[in-house]
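One structure is given here, and the rest of the page talks about it.
The values are calculated or read from the model by the stated rules, or taken from the named source; none is laboratory data. Quantities reported herein were computed from a predicted structural model and do not represent experimental measurements. A quick note on method: Cβ atoms are made from the backbone with ideal geometry, for glycine too, and the neighbour counts reach across all protein chains shown.
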């Protein structure tokens with residue numbers, strides 16, 4: 001990993017002023033930074049909360065923070081002060097995008113609402129990524145990944161599928177799924193701004209984005225007026241839609257189309273089932289998916305995982321081993337494509353981070369910059385933006401005093 005390199009990626013030349021923190025916004029700008037955008041991470045003197053989430057080698061450099069914030073530079077600005085606000089607006093003049101994930105009311109209180117920022121730079125794409133759209137009754141309410149998962153029925157679907165207590169997905173699912181929407185919205189805004197020479201304000205609400213994701217699968221019979229049946233995509237909700245137990249473990253199998261089912265019945269010596277009205281067509285199996293998956297579960301329990309993986313492989317039926325996270329790290333395919341890259345961080349030493357996704361023949365992707373220490377690039381960034389030295393000294397002095405006080409108060 002180097003601090004700079006000649007080819008930054010296909011988004012080289014796009015500058016993003018990233019005022020977001022935690023996961024959703026930083027994940028969006030991680031994607032864009034990996035693609036070559038110049039991402040300036042603006043942090044308060046307290047720093048992004050994810051800096052404090054371990055494991056970590058040094059304070060303020062937690063593992064998830066390190067992954068989310070590579071290919072970025074950090075500038076510390078206290079936006080609650082006049083000098084911090086002025087420096088932020090000076091940076092906005094040089095940026096294509098300003099991203100924030102606080103509530104819009106908070107941005108207005110800081111004097112950094114769209115009107116103020118657009119006055120500084122009419123071409124800027126001003127993107128708000130937060131909990132709820134401003135036109136609805138939940139506007140301004142706080143939102144976190146767990147709350148949005150709950151409100152978009154993900155724990156209820158888990159309960160419906162398994163019969164177990166409702167559970168959140170063991171991922172920051174809403175933050176990361178909506179973060180991809182945010183990255184797309186930023187790119188769409190930049191394309192339009194460059195074509196029209198005029199920016200705009202964009203909002204990407206978590207609740208609406210995750211509702212779209214869930215309802216795309218589960219609107220079901222309520223797609224139609226009047227309803228043609230209940231909600232839910234039956235295949236995703238039956239109890240046996242889960243890794244199948246074998247005699248010595250679990251495997252993942254998807255026997256999906258007519259060809260797969262015919263080969264499966266042949267494999268288990270049950271060709272008579274091809275004439276069973278429950279299993280004879282794709283539509284029939286969809287109506288009786290619980291019976292179909294129950295049949296598979298009963299058969300697979302009678303032999304080992306290795307037996308079934310070999311048998312399904314020979315029959316060209318989609319099947320895969322069930323991994324733990326440690327198994328995923330050690331997977332030979334991911335090792336061959338170098339999905340985990342070994343890096344040397346200047347303060348954190350040797351570390352690994354998931355690689356940028358995709359292969360670009362002319363503008364290859366890379367991890368060009370280490371995740372920054374708090375405020376590491378403040379002076380560099382402000383000088384690039386043409387900020388006067390007196391303002392830079394004031395900003396650095398204010399931020400440095402607050403960071404020093406926090407360090408002294410940390411036990």
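Looking at the stretch 324-345, which of its residues are in a loop (DSSP other than H, G, I, E, B) and surrounded by 13 or more Cβ atoms within 10 Å (Cβ to Cβ)?
Of all residues in the stretch 324-345, those in a loop (DSSP other than H, G, I, E, B) come to 324, 330-331, 337-339.
Result: 331, 339.
Looking at 371, 355, which is the one that is surrounded by 17 or more Cβ atoms within 10 Å (Cβ to Cβ) and either within 22 Å of the chain's Cα centre (by Cα) or more than 18 Å from residue 41 (Cα to Cα) (or both)? Reasoning before the result, please.
Numbers: 355 fails: surrounded by 17 or more Cβ atoms within 10 Å (Cβ to Cβ).
Exactly one of 371, 355 is surrounded by 17 or more Cβ atoms within 10 Å (Cβ to Cβ) and either within 22 Å of the chain's Cα centre (by Cα) or more than 18 Å from residue 41 (Cα to Cα) (or both), namely 371.
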Report task. Those residues that are without any contact (Cβ under 8 Å) to a residue 60 or more places away in the chain and assigned to a helix (DSSP H, G or I), I need them from the stretch 152-173; list them, please. Result -> 155, 156, 158, 159, 173
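On the basis of being modelled with pLDDT under 95 and not assigned by TED's automatic domain parsing to the domain that holds residue 70, does residue 327 make the cut? Don't jump to the end; show me each part of the working.
Numbers: modelled with pLDDT under 95: no; not assigned by TED's automatic domain parsing to the domain that holds residue 70: yes.
Against the criterion (modelled with pLDDT under 95 and not assigned by TED's automatic domain parsing to the domain that holds residue 70), residue 327 does not qualify.
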Query - Filter pass, residue 361 being free of Cβ contacts under 8 Å to residues at least 24 places away in the same chain, loosely packed, with under 15 Cβ neighbours inside 10 Å and assigned to a loop (DSSP other than H, G, I, E, B) - result: yes
Query raised in the report: Among the numbered criteria (1) surrounded by fewer than 14 Cβ atoms within 10 Å (Cβ to Cβ); (2) free of Cβ contacts under 8 Å to residues at least 60 places away in the same chain, which single criterion is violated by residue 197?
Result: (2)
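Taking residue 373, is it over 30 Å from residue 269 (Cα atoms), touching a strand residue (DSSP E or B) at 6+ places or on another chain (Cβ under 6 Å) and modelled with pLDDT of 95 or more? Break it down into steps so the answer makes sense when it comes.
Numbers: over 30 Å from residue 269 (Cα atoms): yes; touching a strand residue (DSSP E or B) at 6+ places or on another chain (Cβ under 6 Å): no; modelled with pLDDT of 95 or more: yes.
So residue 373 does not fit the description; no.
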Query - residue 248, sole failed condition from (1) surrounded by fewer than 14 Cβ atoms within 10 Å (Cβ to Cβ); (2) free of Cβ contacts under 8 Å to residues at least 24 places away in the same chain - result: (2)
Report task. Mind listing whichever residues of the stretch 308-323 are assigned to a helix (DSSP H, G or I) and touching a residue at least 24 places away in the same chain (Cβ under 8 Å)? Result -> 308, 309, 311, 312, 315
Report task. Report the residue count in the stretch 187-234 for those that are farther than 30 Å from residue 126 by Cβ and not in a helix (DSSP H, G or I). Result -> 11
Query raised in the report: Take the residues of the stretch 373-387 that are in a loop (DSSP other than H, G, I, E, B) and in contact with a helix residue (DSSP H, G or I) (Cβ under 9 Å, 6 or more places away or on another chain): which is nearest to residue 75 (Cα to Cα)?
Result: 375
**Report entry** Qualifying position, being assigned to a loop (DSSP other than H, G, I, E, B) and either touching a strand residue (DSSP E or B) at 6+ places or on another chain (Cβ under 6 Å) or surrounded by 15 or more Cβ atoms within 10 Å (Cβ to Cβ) (or both), among 241, 135
**Finding:** 241
